[in-house]
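> Once you've had a glance at the structure underneath, I'll fire off some questions.
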Amino acid sequence: MRLGNAPNFTLSGRLIRWLASLSLAVLGCLCLGVFFSVKANLENQQSLRLQKLSDAVQHLIAETPVHQQSGSLEHDLEDLLKINRDLHLRLLNQQGKAVFISSPVAWPSKARTHALTFPEKTIQANYSLAELALDTSPDDAILDRLAAILWGAALIGSAAITMGGYLIVYFGLAPVRTLAEQTRNLAISSLDKRLETGRIPAELKILVDQFNGMLDRLEKAYQQLEGFNADVAHELRTPLANIIASSELALRSNEPKEHLRDYIGSNLEEMRRLSGIVSDMLFLSQADRGAQARRKPIQSLAQLCGEVVDYYEAVLLDADLSWKITGDASGLFDTALLRRVLSNLLNNATRYAYQGSRIEIRIARGPNGQVSIAVANRGQTIPPENLQQIFDRFFRVDPSRNDGSQNHGLGLAIVSAIARMHNGEPFANSANGETEIGVRLAS
Ligand SMILES: Nc1ncnc2c1ncn2[C@@H]1O[C@H](COP(=O)(O)OP(=O)(O)OP(=O)(O)O)[C@@H](O)[C@H]1O
Ligand SMILES: [Mg+2]
């Protein structure tokens, strides 16, 4: 599995972009909040002042006798407005004509206004409506300046946060750069090297541990591959050398033609052995690539074992061995592959069983539904340290004890591969002079 090729982006670039957008958004919202609360405050104050003036005007008009209204009242009103230069007043008579304007030249163009009508029955002789205006241009100027300052602060603040964030991200990602540098220095020739885990943050440690674990497996697989190549070469060399030697001898000899048949016969035997090794290796490589068993219903595994044992009867009798099949089970299995498992196990058991002893074929169904098929024989115990290795390709506990030209150490590797093709596993026990080797299969 390969990690997808994402479009070119850097982690730091992405973090910085997010940080810049976030800080601008947060500071922008803050500034808008400040701006609108100041604006609301100012507007509130403007309304209050207009209301106060309105009350004062109303009071003055009510208090002043009608005949003094055009004289002392206007004088009082002008005094009142002198203290509040940004406030303006216009008094209209019943005909709608302005009879008093506090400052006719400076009536504000931008103003907050308030109208004060005098009720019919209390209408004073001269006035029916008072118009009040508050010049808002100084407040508007304050608001404009505040808006500019706040926008500037938001932009400068977000730039400062982004710069700070960039430095934090740059130094924070230093361990990642160190790891990238170390990974770049790994080569196929230095598979024994590992990434350092000493000063790595906890978040990256998991990744580094996984990576180092993968390197362990890679190194092991590489060593196995190298060993496997050497084993294959070694196994093929002897039969090929025999074929070459016997062919050269046949070519050089002056023996009669009939003797040539012997040479051809021996060559044929070696070639059959070679062909056997090659087809075993082909089978193993197919299993490695995930080939699965072709399952069909089998009613009685004991019957299937009986058929394979019948095939081996002559060999068993020749070795003075008796046999017994215990247990039975049914299920979905690949018949041809199970025959091969039994044949390989019986072949080994016959070779390693003590003369005159009994071979037992045990069939059982486990508690988790798995079916186990095992062949047990009395014979020399396999050392515990070799018990798992016997399923490795070309492994033989004691190569000198075997007939190297006949047995290549592939039989149990094939048993193990067939177990995996049935989603199962091989197993081996060897103690007190009894060896039991078999497979557990998902039925
Ligand atoms: N029943 C057994 N008792 C004792 N040792 C065994 C038994 N079965 C297997 N072994 C050991 O396990 C090794 C591997 O067995 P395996 O069947 O893979 O290879 P082989 O029998 O040597 O060769 P091949 O099966 O290719 O002819 C054997 O060489 C032998 O040392
Ligand atoms: Mg074998």
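Every number in this text was worked out from the coordinates using simple rules, so none of it is lab data. No experiment lies behind these values; they were computed from the predicted model shown. Heads up, the Cβs are rebuilt from the backbone with ideal geometry, glycines too, and the neighbour counts pull from every protein chain shown.
> If you bin every alpha carbon distance in segment 279-353 into 10 Å steps from zero, what whole percent lands in each bin?
Percent of pairs per bin, in order: 16, 43, 31, 10, 0.
> Right, here's the next one. Can you give the net charge of the other residues whose Cβ lies under 11 Å from the Cβ of A364, counting K and R as +1 and D and E as -1?
Working: positive: R362, R365, R440; negative: D328.
Cβ neighbours under 11 Å give a net charge of +2.
> Let me ask something additional. Dividing the alpha-carbon radius of gyration of segment 288-443 by 2.2 N^0.38 Å (N being the number of residues), what value is obtained?
Against the compact-globule rule of thumb, the ratio is 0.99.
> With N set to the residue count of segment 202-288, report its C-alpha Rg divided by 2.2 N^0.38 Å to two decimal places.
On the way: Rg = 22.7 Å, N = 87, 2.2 N^0.38 = 12.0 Å.
For segment 202-288, the normalised Cα radius of gyration is 1.89.
> Using every Cα-Cα pair within segment 11-158, state what percent have a distance larger than 28 Å.
Details: 4515 of 10878 pairs.
When every Cα pair of segment 11-158 is considered, 42 percent fall beyond 28 Å.
> Suppose the chain between M271 and A40 were pulled fully straight at 0.36 nm per residue; how much longer would it get relative to their current alpha carbon spacing?
Values: separation 231, 0.36 × 231 = 83.16 nm, distance 10.15 nm.
Length gained, M271 through A40: 73.0 nm.
> Relative to the first principal axis of the alpha-carbon coordinates of the chain, what is the inclination of helix 335-352, with its axis defined by its Cα atoms, in degrees from 0 to 90 and to the nearest 10?
The angle comes out near 50 degrees.
> In segment 327-386, what is the volume of the convex hull around the alpha carbon atoms, normalised per residue and reported in Å³? Before the final figure, lay out the partial values.
Details: hull volume 6.9 nm³, N = 60.
Looking at segment 327-386, the number lands at 115 Å³ per residue.
> Using Cβ counts within 10 Å as a stand-in for footprinting exposure, how do M271, M421 rank, fewest first?
Working: M271 14, M421 20.
Fewest to most other Cβ atoms nearby, the residues stand as M271, M421.
> Once you have a ≥ b ≥ c as the square roots of the Cα gyration tensor eigenvalues for segment 79-190, tell me rounded if a/c is under 1.5, and otherwise prolate or oblate according to whether a/b is larger than b/c. It would help to have the intermediate numbers written out before the result.
Numbers: a/c = 8.20, a/b = 5.55, b/c = 1.48.
Since a/c reaches 1.5 and a/b is larger than b/c, the shape of segment 79-190 is classed as prolate.
> Fewest first, what order do I83, I200 take by the number of other Cβ atoms within 10 Å? Write down the numbers at each step before the final one.
Values: I83 7, I200 18.
Starting with the residue having the fewest Cβ neighbours, the order is I83, I200.
> Relative contact order of segment 202-288, please, whole-number percent, based on alpha carbon pairs below 8 angstrom and at least 6 residues apart. If you can, show how the numbers build up before the last one.
Working: 20 pairs, mean separation 24.4, N = 87.
After rounding, I find 28 percent.
> Further, regarding this structure: Give me the angle, in degrees from 0 to 90, between the Cα long axis of helix 202-252 and the longest principal axis of the Cα atoms of the chain, rounded to the nearest 10.
Once rounded, the angle reads 30 degrees.
> Bin width 10 Å, origin at 0, all Cα-Cα pairs of the chain: what percent of pairs per bin?
3, 12, 13, 11, 9, 7, 6, 6, 5, 5, 6, 6, 5, 3, 1, 0, 0
> What are the ³J(HN,Hα) couplings of segment 145-161, residue after residue, when phi is run through the Karplus curve with 6.51, -1.76, 1.60 and θ = phi - 60°? Round to Hz, x for glycine and proline.
5, 4, 4, 5, 5, 5, 4, x, 4, 5, 5, 5, x, 5, 5, 5, 5
> While we're looking at this one, here's another question. Taking the Cβ-Cβ separation of N386 and T238 as r and a Förster radius of 30 Å, what is the calculated FRET efficiency to the nearest 0.05? Don't skip to the answer; put the middle values down first.
Working: r = 23 Å, r/R0 = 0.77.
With R0 = 30 Å, the Cβ-Cβ based efficiency is 0.80.
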